[in-house]
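First comes the structure, then the notes that go with it.
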Amino acid sequence: MEIIIRPIVTEKMTVLGEKLNRYGFIVDRKANKIEIKNAVEKLYGVTVKDVNTINYHGKKKSRYTKDGLIRGRANHYKKAYVTLAGEDKIDFYSNI
């Protein structure tokens, strides 16, 4: 899918998935909540109850090298927290 880039698999998101049935995804920056909801329902075959989105702006980074100071920034990205309805679950480890 072009809307969902990758799931967020961390300890914090694993706990949220177990307790609140909430999962995180890195999504396309131009995607809206309705598109994200439809993409998750189609990709994982679940019913989505709620979608919350957060826009992150890349931090400025700099490092010192042999050639001098190099400046840049990390990429901007959008994060989506998806709450599933009922007893639906998403298992990210099933196809490993």
Filtered residue count, region 60-74, keeping only those that are surrounded by 10 or more Cβ atoms within 10 Å (Cβ to Cβ), within 23 Å of the chain's Cα centre (by Cα) and not small (Gly, Ala, Ser): 2
Please go through region 74-95 and pick out each residue that is modelled with pLDDT under 95 and either under 22 Å from Leu20 (Cβ atoms) or assigned to a strand (DSSP E or B) (or both). Ala85, Gly86, Glu87, Asp88, Lys89, Ile90, Asp91, Phe92, Tyr93, Ser94
Does region 1-55 hold any residues that are polar (S, T, N, Q) and surrounded by 18 or more Cβ atoms within 10 Å (Cβ to Cβ), and which are they? Asn21
Looking at (1) over 16 Å from the mean Cα position of the chain (by Cα); (2) loosely packed, with under 14 Cβ neighbours inside 10 Å; (3) farther than 20 Å from Glu2 by Cα, which one does Asp88 not meet, given that it meets all the others? (2)
How many residues does region 38-80 hold that are within 20 Å of Ile26 (Cα to Cα), of a type in the set (Ser, Thr, Tyr) and in contact with a Leu (Cβ under 8 Å, 6 or more places away or on another chain)? 1
Output the number of the condition that Gly45 fails; it satisfies all remaining conditions of (1) in contact with a His (Cβ under 8 Å, 6 or more places away or on another chain); (2) at positive phi. (1)
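Residues are listed down the side, and each one gets a yes or a no for (1) under 18 Å from Asp88 (Cβ atoms); (2) not acidic (Asp, Glu):
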{"site": "Arg29", "(1), (2)": "no, yes"}
{"site": "Glu35", "(1), (2)": "no, no"}
{"site": "Lys42", "(1), (2)": "yes, yes"}
{"site": "Gly45", "(1), (2)": "yes, yes"}
{"site": "Asp50", "(1), (2)": "yes, no"}
{"site": "Asn55", "(1), (2)": "no, yes"}
{"site": "Lys59", "(1), (2)": "no, yes"}
{"site": "Arg63", "(1), (2)": "no, yes"}
{"site": "Asp67", "(1), (2)": "no, no"}
Here the qualifying pairs (Cβ atoms under 6 Å; residues six or more apart or on different chains; first in region 77-96 and at positive phi and β-branched (Val, Ile, Thr); second at pLDDT 90 or above and assigned to a loop (DSSP other than H, G, I, E, B)) come out as none
Please list, ordered by first then second residue, the pairs with beta carbon atoms under 6 Å, 6 or more apart or interchain, first in region 1-25 and on the phi > 0 side of the Ramachandran plot, second crowded, with 17+ Cβ neighbours inside 10 Å and assigned to a strand (DSSP E or B). Asn21/Leu84
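The values are calculated or read from the model by the stated rules, or taken from the named source; none is laboratory data. Quick caveat: nothing in here was measured; it's all calculated off a predicted structure. A quick note on method: Cβ atoms are made from the backbone with ideal geometry, for glycine too, and the neighbour counts reach across all protein chains shown.
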